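Report on one structure; see the data block that follows.
The values are calculated or read from the model by the stated rules, or taken from the named source; none is laboratory data. Just so it is clear, the model here is predicted, and its values are computed rather than measured. Positions of Cβ are backbone-derived with ideal geometry, glycine not excepted, and every protein chain shown enters the neighbour counts. With ligands, DNA and RNA removed, areas are computed over all heavy atoms of the protein, side chains included. Shrake-Rupley method; radii C 1.70, N 1.55, O 1.52, S 1.80 Å.
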Amino acid sequence: MVLEPLQASDLETIVTGVNLLWVLVVTFLIFFMHAGFAMLEAGQVRSKNVANQLTKNLLTWSVGVTVFFLIGAGFSSLVGGGGFVPAFETSDPNSWVSWLFGAVFAMTAATIVSGAVAGRAKLRAYVTYTFLLAAVIYPFVTGITWSGAYISFGGEAFHDFAGGMIVHGMGGIAGLTAAYVLGPRMGRYNEDGSANVIPGHSLTFAVLGTLILAFGWYGFNVGTAATVFALEDGALSLGAFSYVGRVAMTTTIAMACGAIGAAAVAWAKTGKVDTLYVANGLLAGLVGITAIPDTTTWWGAFLVGGLAGAQLPIVFSFIEKRLKIDDVCAVFPVHGSAGVLGTLMFPFVAVPGTVDSIANAFVAQLIGVTAIAAWTIVATGAVWAVLKAIGQARVTPEHEQEGLDVSEHGVETYPEFGSGESVVADGGIMTEDVRTDGGSKDD
Amino acid sequence: MVLEPLQASDLETIVTGVNLLWVLVVTFLIFFMHAGFAMLEAGQVRSKNVANQLTKNLLTWSVGVTVFFLIGAGFSSLVGGGGFVPAFETSDPNSWVSWLFGAVFAMTAATIVSGAVAGRAKLRAYVTYTFLLAAVIYPFVTGITWSGAYISFGGEAFHDFAGGMIVHGMGGIAGLTAAYVLGPRMGRYNEDGSANVIPGHSLTFAVLGTLILAFGWYGFNVGTAATVFALEDGALSLGAFSYVGRVAMTTTIAMACGAIGAAAVAWAKTGKVDTLYVANGLLAGLVGITAIPDTTTWWGAFLVGGLAGAQLPIVFSFIEKRLKIDDVCAVFPVHGSAGVLGTLMFPFVAVPGTVDSIANAFVAQLIGVTAIAAWTIVATGAVWAVLKAIGQARVTPEHEQEGLDVSEHGVETYPEFGSGESVVADGGIMTEDVRTDGGSKDD
Amino acid sequence: MVLEPLQASDLETIVTGVNLLWVLVVTFLIFFMHAGFAMLEAGQVRSKNVANQLTKNLLTWSVGVTVFFLIGAGFSSLVGGGGFVPAFETSDPNSWVSWLFGAVFAMTAATIVSGAVAGRAKLRAYVTYTFLLAAVIYPFVTGITWSGAYISFGGEAFHDFAGGMIVHGMGGIAGLTAAYVLGPRMGRYNEDGSANVIPGHSLTFAVLGTLILAFGWYGFNVGTAATVFALEDGALSLGAFSYVGRVAMTTTIAMACGAIGAAAVAWAKTGKVDTLYVANGLLAGLVGITAIPDTTTWWGAFLVGGLAGAQLPIVFSFIEKRLKIDDVCAVFPVHGSAGVLGTLMFPFVAVPGTVDSIANAFVAQLIGVTAIAAWTIVATGAVWAVLKAIGQARVTPEHEQEGLDVSEHGVETYPEFGSGESVVADGGIMTEDVRTDGGSKDD
């Protein structure tokens, strides 16, 4: 064993290795959020549309991540002023870790939309939109913020630590826009304008999805404190890990208070504690803190989380009753309004000294929120309007009635259960065309 | 690049950063156990009580973690002799990582109870108990053990590495106590005292929960080897990681032998391998080793795990037939008796040299187990007795018959499936008050 | 604080600690794949066989890992030329981390088989096979490859980075062999030889399992880059982490292209995008890249993943229609043929400079694939043929008709749902022998 003093080059290796390790682990956690979204959304749709929702989630990831590899990441750097540098052009394989870390955030934004357009959007329409979101719409948002840092006011920069607005706000607003253009599901509203509730098929899957998402969210928020170590002029220090404990604490407290806030408002309104409100409130609390977990005080985490949860039943009701938009999985109240709320509360709940001017910081936040919202509404609205104009946005009324599982995928999600529509014969053998293993008897 | 010798301060930074990274990752894993408990318990209750069970799990975490932040952590340090230091009073944000690491253990103890009182406890009663558990009951247990280390005998200290008794034993005993005070579900026992079985609604969710728990348990046990590195007088060494391989191995072997042990006993008793016994046996094996994974020999892991699994069917039967306590999710045989068993076996299966006196060490373990059990029974019994006395412990017989999902939460978990009670009309539209999205048609 | 230059011994400690941390984390992720397999397989079987499938998954892990501890790991080192070194004989507890890392790969191979023999294999037959697989069959494969590295041609060594052939190919081929010996489920084929489809009971569980598997797969592939740091002659460098970004990227892209490839072929064949094909295609893409994520170019990842997905519907149809083998969960097209495909494509898609001779490298791959396949077919076929000859391979026709849950486990998975066979009385009390909690009224 050589006993000589270590050199600074060893320190560089240590920093690189440990930071890579951390980013990989949190990236895996964020990826796992797709299982959460899949279960949360599947639980909130009718049993005749479950396979459609699941397929959308699988294809969101699959189509989106390849498009983000070929186009989106490069477009983001282009918008950010770094030229078009596609992800496949690299001399350092480990730069792909950074790409993948960015990709899992992008795919989170993409998958949120599927919950809003459930039950009536054509698969090809949804995939087309996902393609464009991964290639252009979302990368533009990261281009003007995380890449380009163009937004500021009076010396205060727009602050969105982990994507409360950039990822979740964007996704929630895109979902609401798409749901508006698409129109509500059949039977969602009566002729007099009153709303019918179309309950999801499984609260168990919905809550499972919620808890998977919360698990992955620790990767999302705490993982955005991506540098365990920093090295400057040969001096080693904790990087973002110097404040990682705050991120972990505020994320936890806001999550908890989101659930409590939504539960309290639901209880006050109806005398009962609606399970789905508690679950979605927990998620709204997470969304609320996502822009600001690095700077928020402990009491701010209580406040932001509590308000993000409390607004959920109110905003959901407003969307449903006043705007009459059929946002199936409540993605706007959970991701949209909660994301906007937390982003705007940044300067008011920040640790003293975080900003020089609360007023200027608020305006910077307001500009950022407005810019992202406007772009998202225009781009998303345009895509779905075109799809609608060419008759490709929505399935036929017959297919909608029948369920998208059969019409779009040729499968039944639960061939042995359900409302007497089972085509399974007594012997347990299904001989019709509708099957779940994808095989075909006569091909 | 500056090529000068590194300094000892760099070593401090490396130790801090890597240890933080590890503790954060395992904390996330332990948090994910809530998804496991939610699924395990949901699967073991009737479909009419699933949403209630899920809501309890969400609120256990949400209410419990905020209470532990505001009160519980401080109370634990107070009991441990360190004064009342609430979690929000800190000058170092990274101390919140330690708080969160403690909080996920506390919430594990709390959530175990919900499985025992399923199907008849009022939501407000359960939340009240959770509040008190997170504020006082559990922190007292950690205060006298991990914080204060008050328990020892003849120079041998009470040993509970990851909470086999402190977390699981405590939770299992609390659950049994609460279930006893609350009384059995309607129809659970006949007039002649014989027991009816009320099967859970989904073995698939129960097994999913089991495997999620096992995954998270690696964080629970292996993660309690919380220090990758230690630094003493400028000398770097592996901290708890010097024996982390033993923790990982014994946890794995005990888990496996728990499943085999329960399967073998079930097979011997009935000639069939009951799925739920295998699953719960796997968990009992994990509970059994949790107090002692750091010190147990490989053959000890086989023994502890096998016995923890084998006792499950026997203890479950004893609780059900003799004590006539309706422990719905078998939390006492899984967490209580298995935890006690493993804790008491400590000196007999430990690596030679671990203890000076096996007899003294056993007495120390016995004192610890007795103290924790006595406190838990008294505190839990008192809380539920008061709730019962004021008529707030249990839902009305009508609500119990109807199911807690409707009466406490106003939802149906599976509106499209089940026993012909579905209120969904042919067109797939539900117009009654019972809905799953929390909205209300006329509010 | 002592301010003296650090020593090289510190570097050794850092390398050991961080590498242990990484391997532990990825090992946990790989373990979690058992939850994925359990859900994927449970979703693809009839509701009357779900508990059987779940029990098999629990026992695969439990029996397999103890056998691998006592025998398998030692047998692998014996075959590899290192003598019989059982896992329990060690002077360094941290060597158990390496053992556990190997064990989770072994158990992956084992569990694949259960999907192929679903719905008719006796539990004792399956457990017997699992015992032999963990003790001998799989360890022989790793013995001649990862341990012994015996296979090469013209100076090119057989290359299988994370087990595309060694784990998945082996498992898929073993499953097909066992399913062939066992014969198809009753009613799977008509007298004229045409096939009936027997759909699984829940696409939601199947897709959940898929996404859990994909999550764990990051541990499987990226984690096989197991050395964050390497230390040679006192010089610190990144170990496998020098190319870890490539592993992460190719794994991601191949997964995505697998889903797209299968979706495209399914759509071309039937005009619909079958959900289960998309899910299994995603997994096939992962299997395809598993042998070669460390060396494959970005375009190679697109190609391997796309082909692995595209072959799935075609190979599945061939197995079903031509070979008439009832591979219930499509484990051969997903794990077998996709694993073979990726392993053989190694030299053609590798980064330039990886191999000296593409032809020789291809032959080396071909030898490895052939050797593993031949051994697996012979060993697996022999075991199941013996079991069949002594009448212990398959349940009786009555039990198969009734479902294995009742006959083998004495439980019903969903006592409240399903095809009118529920034995639950109106009051929610089940008094028959078939129960899910394992208790027995009269024992």
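Taking all Cα pairs closer than 8 Å and separated by 6 or more residues, the relative contact order of chain A comes to 22 percent. Under 5 Å from the amide H of C:Gly119 lies no amide H of any residue 5 or more positions distant or on a separate chain, with H modelled from the backbone and absent for Pro and chain starts.
Whole angstrom only: what separates the Cα centroid of segment A:206-244 from the Cα centroid of segment C:235-287? After rounding, the separation between the Cα centres reads 26 Å.
Averaging the sequence gap over all C-alpha pairs within less than 8 Å and six or more residues apart, then dividing by the number of residues, gives segment B:1-149 a relative contact order of 31 percent.
The calculated P(r) of segment A:234-285, using every Cα pair and 5 Å bins from 0, goes 5, 21, 18, 14, 10, 9, 7, 6, 4, 3, 2, 1, 0 in percent.
Taking Cα atoms only, the orientation of helix B:203-222 departs from the longest principal axis of chain B by about 20 degrees. Taking label positions 7 Å along the Cα-Cβ direction at both C:Glu12 and A:Ser237, the computed distance is 3.3 nm, reported to one decimal. Counts of other chain beta carbons within 10 angstrom of each beta carbon in peptide A:91-102 average 5. Work out the length of the dipole vector of the protein assembly as shown about its Cα centre, built from +1 on the beta-carbon of each Lys and Arg and -1 on the beta-carbon of each Asp and Glu, and round it to the nearest 20 debye. Computed charge dipole of the protein assembly as shown: roughly 1620 debye. Think of it as helices only: each DSSP H run of n ≥ 4 in chain C is worth -39500 (n - 2.57), and spread over all residues that comes to -18500 deg cm²/dmol at 222 nm. Counting Cβ atoms of other protein chains within 10 Å of each residue's Cβ and taking the mean over peptide A:153-162 gives 0. For the pair A:Ile314 and A:Phe84, a Förster radius of 51 Å applied to the C-beta separation gives a FRET efficiency near 0.70, rounded to the nearest 0.05.
Separation of segment B:349-382 and segment A:304-338, taken as the distance between their Cα centroids, equals 51 angstrom. Ordering B:Val136, C:Val331 by accessible surface, largest first, gives B:Val136, C:Val331; the 1.4 Å probe counts only protein heavy atoms, with every chain in place.
Couplings 3J(HN,Hα) for segment A:179-187, derived from phi with the Karplus relation 6.51 cos²θ - 1.76 cosθ + 1.60 (θ = phi - 60°), are 5, 5, 5, 6, x, x, 5, 4, x Hz, where x marks Gly and Pro.
Assign unit charges at the C-beta atoms only (+1 for Lys and Arg, -1 for Asp and Glu), then state the dipole size of chain A relative to its Cα centre in Debye, rounded to the nearest 20. Kindly include the intermediate steps, with their values, before the conclusion.
Details: 18 positive and 32 negative charges, 241 e Å.
Using only the charged Cβ atoms, the result is roughly 1160 debye.
Remark: mean inter-chain Cβ contacts per residue of B:30-38 equal 4, using a 10 Å Cβ-Cβ cutoff to other protein chain atoms. Heavy-atom accessible surface of A:Arg124, to the nearest 10 Å², is about 140 Å², with a 1.4 Å probe and all protein chains retained. Placing a label point 7 Å from Cα along the Cα-to-Cβ direction at B:Phe318 gives distances to the equivalent points in the other copies of 5.9, 5.9 nm, listed shortest first. Around the amide H of C:Arg394, modelled in the peptide plane, lie the amide H atoms of C:Lys122, all under 5 Å away and 5 or more residues distant in sequence or on another chain.
Applying D = kT/(6 pi eta Rh) to the protein assembly as shown, where Rh is the Kirkwood radius over alpha-carbon pairs, T corresponds to 37 °C and eta to 0.692 mPa s, the Stokes-Einstein value obtained is 107 µm²/s. Its alpha carbons give chain A an Rg and a Dmax of 22.8, 85 Å.
About its Cα centre, segment B:273-381 has a charge dipole of approximately 200 debye under the convention of +1 per Lys or Arg Cβ and -1 per Asp or Glu Cβ, with nothing else charged.
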